[in-house]
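One structure is given below, encoded as structure tokens.
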Amino acid sequence: MKIIYTDALIVGGGLAGLRSAIAAKDKGLDTIVLSMVPVKRSHSAAAQGGMQASLGNTVMGEGDNEDVHFSDTVKGSDWGCDQDVARMFVTTAPKAIRELAAWGVPWNRIGKGPRDVIMNGEKETIVEKDEAHGLINARDFGGTKKWRTCYTSDATGHTMLYAVANEALKRDVEIHDKKEAISIIHEYGVCAGVVVRDLINGDLIAYIAKGTMIATGGYGRIYKQSTNAIICKGIGIAMALETGIATLGNMEAVQFHPTPIVPSGILLTEGCRGDGGVLRDKDGYRFMPDYEPEKKELASRDVVSRRMIEHIRKGKGVKSPNGDHLWLDISILGREHIEKNLHDVQDISMTFNGIDPADEGEKGWMPVLPMQHYSMGGIRTKVNGESTTMKGLFCAGEASCWDLHGFNRLGGNSVSEAVVAGMIVGEYFAAYCEKTHLNANTFTIQNFLEAQEDYLKEILTYDGGVNIFDIKDRMRSIMQEKVGVFRNGKDLEDAVIELEELLKKTKEITVKRKTIGNNPELNEAYRVPKMLKLALCVAKGALERTESRGAHYREDHIKRDDVNWLKRTIATWTNPGDTMPTLSYEEIDISKMEMPPAFRGYGRKDSIILNPLSERRAKEIEKIKETLGNVDRFKIQEELLDFDLPKNYKRKNERVGVGYA
Amino acid sequence: MPNENNIDENREKEFREIEITVFRYNPQDKNSTPEYQTYTLEETPGMTLYVALIKIWSSMDPDLSFDFVCRAGICGSCSMVVNGKPRLACKTRTNEFPDGKITLLPLPTFEHIKDLSVDTGNWMNSMSKKVESWIHTKEETDIAALEKPIEPDVAQAVFDLDRCIECGICLASCSTKIMHEDFVGAVGLNRTARFAIDPHDERSDEEFYELIGDDNGVFGCMSLMGCEDHCPKDLPLQTKIAYMRRKMVKV
């Protein structure tokens, strides 16, 4: 029996996991990060366009602060997010970006004086302030009132991940890569660690810790077309579900990004549109202003993706052997801008499609279509990042439903969440590990290890002749066709039925080589059932949710229904032998909101069923403000929604020309 | 909706067949011997080695091992030797090879795991530690206060060197690496150049000399330029090695 003991165990070596590891190590805890791949290859590296933080340095970001970022995030979430978490996030994000700057992330910096930008398809000149010279720059992104997305060209995730990984190496955080956690070890509802499969030799190892954090990212690969890296299979989330104790939140909240390139599905950053790029149809016509007069291409992602499909359905898509698509035109930004600020986009387009997007006119247009991009759902946690139902199990980043994003995440808020959650949740996690004693019974550990060994051996005995890859492909097609951008009751019902059949069918496969050592087919054989369980949570959650909110859009229930559906879907897998998740709901309390539900400012205005409590809360807020009289924004904020942050993260953030106001 | 696996049937007849020959070996299996295996498959439009290998794996040989993660040329996982040259497999299109014959070998100089899979993580982490690949400063940063201003051109210059993805191709192209196992390679030397020009880093030339002032560092390079010729990110590796060497000679 191979057992490794540590104080703080972190599963997942992306931005959230590594930043949490730094928090743990800085408290003097022995810290191990487990990762399926070398940590610098984590999917965080693929984030292109940027990180939102309300620095307000650029003239286009003037007047920005935590309040504006908060409001954008809540609207973006279609009021599905946890407003306490959103407040914690926006208050810490400026600190996160400044910490990263000190760690060497080469953020694009402002040069004083005039510069040309493209806005609404036209060239305009903006003038940057002298005192902002050399400070961190920002670009425009969807669903934001200010230019708030800080960037390093279009390789922002890469530079952030390298900086954070190097800081972890500096602190001697132990990194064990090519290791996949496949089961959570727990006793009396308390997490004791994980069972890990060594992906080099197939060995099973128990990692035992005072506290365990899951930071394994999203589950995009349950869809046929996804921008996600091929490791984004949601295994970390699925093993939490399989405990029968930890719960998942809002799994049906899945984001489709408007501009992955066709057919490879590789992402072209929202920065393309943020910097002034436009969408065109088969006639070369820029159609978004017709649908979204105010925000145009820069409405939130859920809205833009739907408008694109809507437009294609009107026969305006470009026909191709790969199906209909639309065009993304960044040629209007000019070659110099593209080669400097959209370098990887150009590289991707040239490598995978043979198109140089800097070429003028339609020659440079890139074929795009909405595809799966981000998982808003994940392990449901409290505001401190601990599972609501399993003690000692923490979760941060995309794997979590901490609930910063509700039903739609804003572009630029993902890497930002990953680092900020690494700071906040990482701190709470480290504090938990500090005060907890290692208390795992070796008998229990052995049971969990043996259960996994028996399970893998059992898979090798299956002899039904079915190919596991066929099951996986079918699952991905079902999700694509029936649980996509537009959803309806009939398709979702079919999806749930067929996914359940597929899950049962995973016992009818045959794995060709009968070894539990290095065996890439066996890897798929134990991963696919886990993916199917998540797919069922998504499809079932979407079927039951008879409203449209954020990225979840029901053609048979087109209204956002704040009377019946202002709540989170909670999924559990009650018994190991179950073939269907058990769903329940968690109410979101309007009476405690700082910003009660209203119209988002984009999307369809006529399709909201408002809850009378929203108006009542709005009036209450007005009254509180009146009573307070002439006080600063911090005082008002505190009265409306009080929140906590660890360390000194709640301190006011300085801004150029504004100070700490 | 587009679908990379399901191309219109009438068109399929126009596609040629390609032969992909792969080095197969599992060093952990006593019964395994190194051998080549050839797979014949139909080429599809825009096919990359990622698409081809996934197709082989999922429909012909589920035991084939390789390392893909982002499949977009961003993460650096899938370096391998393609017809004699180290490259990122995900960015290699099969139609680049007129005879339709492609031979794939695992990336040399790294520990071989199985078939096309190698262990780059541990080597890269130890290299990062060896060159102390992080900002060294005595300054305490107040993260609530305005950040330190940096000249835009300087930030851009640091970014240009920060684009390295640790894919290992510079090492696989390097003769020194074959002779000096502990040579930090262009990846390590470029990293030191990156920190040397970063205004946040206060290290002196003498301090960099302690890290790379020997044959496993900047004096090991023989300027054969294999690294720069093959770098998938087009980093100016030779210029940066020369830059560091000039600095180190002065120490």
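Throughout, read-outs are computed from the coordinates displayed, never taken from laboratory work. Source: prediction; values computed, not measured. Cβ atoms come from the backbone with ideal geometry, glycine included; neighbour counts cover every protein chain shown.
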| task | If a/c stays under 1.5 just call it rounded; otherwise compare a/b with b/c (prolate if a/b is bigger, oblate if not). Do that for the protein assembly as shown, with a ≥ b ≥ c from the square roots of the Cα gyration tensor eigenvalues. | result | rounded
| said: Below 21 Å, Cα to Cα, which lysines can B:Lys250 reach? Residues fewer than 8 away in the same chain don't count. | reply: B:Lys240
| What's the angle, to the nearest 10 degrees (0 to 90), between helix B:237-250's Cα axis and the longest principal axis of chain B? | 30 degrees
| query | Separation of the stretch A:133-211 and the stretch A:1-23 by C-alpha centroid, Å? | reply | 9 Å
| message | Taking the 0 to 90 degree range and rounding to the nearest ten, how far is the long axis of helix B:49-59 tilted relative to the main principal axis of chain B, both from C-alpha atoms? | response | 50 degrees
| Per-residue [θ]222 nm for chain B (sum of -39500 (n - 2.57) over DSSP H runs n ≥ 4, rounded to 500) | -9000 deg cm²/dmol
| task | Read phi for every residue in the stretch A:556-561 and hand back ³J(HN,Hα) as whole Hz from Karplus 6.51 cos²θ - 1.76 cosθ + 1.60, θ = phi - 60°, with x for Gly and Pro. | result | 9, 8, 7, 9, 6, 10
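According to the square roots a ≥ b ≥ c of the eigenvalues of the Cα gyration tensor, what is the shape class of the stretch A:1-153, taking rounded for a/c under 1.5, prolate for a/b larger than b/c otherwise, and oblate for the remainder?
prolate
Based on other C-beta atoms within 10 Å, arrange A:Trp79, A:Trp565 from fewest to most.
Lowest to highest Cβ neighbour count: A:Trp565, A:Trp79.
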| said: Exceeding 27 Å between C-alpha atoms, which entries from my cross-link table qualify? They are A:Lys559/A:Lys625; A:Lys295/A:Lys316; A:Lys25/A:Lys533; A:Lys179/B:Lys129; A:Lys530/B:Lys55. | reply: A:Lys559/A:Lys625; A:Lys25/A:Lys533
| field | Cα-based Lys proximity count in the stretch A:64-159, under 21 Å, for pairs eight or more positions apart or on separate chains | value | 11
| Just the projected area, averaged over all directions, of the convex hull on the alpha carbon atoms of the stretch A:336-422: how many nm²? | 7.7 nm²
| Shielding by partners - mean other protein chain Cβ count within 10 Å, residues of B:157-167 | 5
| query | Each residue of the stretch A:242-252 in order: what ³J(HN,Hα) in whole Hz does its phi give by Karplus 6.51 cos²θ - 1.76 cosθ + 1.60, θ = phi - 60°, with x for Gly and Pro? | reply | 5, 5, x, 10, 5, 10, 10, x, 6, 5, 6
| query | How many angstrom separate the Cα center of the stretch A:438-508 from the Cα center of the stretch A:29-94? | reply | 32 Å
| query | Gap in Å between the Cα centre of the stretch A:312-386 and the Cα centre of the stretch A:616-661? | reply | 38 Å
| query | Around A:Gly249, what is the net charge, scoring Lys/Arg as +1 and Asp/Glu as -1 over all other residues with Cβ under 12 Å from its Cβ? | reply | 0
| request: Note down the relative contact order for the stretch A:8-69 as a percent, whole number, built from C-alpha pairs under 8 angstrom at least six residues apart. | output: 29 percent
| Residue-averaged 222 nm ellipticity for chain A, from DSSP H runs of 4+ at -39500 (n - 2.57), nearest 500 | -11000 deg cm²/dmol
| remark: Filtered hits (aspartates and glutamates, Cα-Cα < 12 Å from B:Lys138, offset >= 8 within chain) -> B:Asp201, B:Glu202
| field | Amide hydrogen neighbours beyond the local backbone of A:Ile4, cut-off 5 Å, H modeled | value | A:Ala206, A:Tyr207, A:Ile208
| Around B:Val22, what is the net charge, scoring Lys/Arg as +1 and Asp/Glu as -1 over all other residues with Cβ under 14 Å from its Cβ? | -2
| remark: Most exposed first, judged by fewest Cβ atoms within 10 angstrom, B:Val82, B:Val187, B:Val251 run B:Val251, B:Val82, B:Val187
| remark: Ranked from fewest to most other Cβ atoms within 10 Å of their own Cβ, B:Met225, B:Met244, A:Met60 fall in the order B:Met225, A:Met60, B:Met244
| remark: Contact order relative to length for chain A, counting C-alpha pairs under 8 Å separated by 6 or more residues, stands in percent at 19 percent
| Which whole-Hz ³J(HN,Hα) couplings does the stretch B:198-210 yield from phi under the Karplus relation 6.51 cos²θ - 1.76 cosθ + 1.60, θ = phi - 60°, glycine and proline marked x? | 7, x, 6, 8, 9, 5, 8, 4, 4, 5, 5, 4, 4
| Shape metrics for the stretch B:117-198, restricted to C-alpha atoms - Rg then Dmax, Å | 15.5, 49
| Mean separation of Cα contacts under 8 Å, 6 or more apart, over the residue count of the stretch A:37-178: relative contact order % | 39 percent
| Summed side-chain charge close to A:Ile237 - residues other than A:Ile237 whose Cβ falls under 11 Å, Lys, Arg +1, Asp, Glu -1 | +2
| For the pair B:Asp119 and A:Val466, how long in nm is the line joining their label points, each one 7 Å along Cα→Cβ? | 3.7 nm
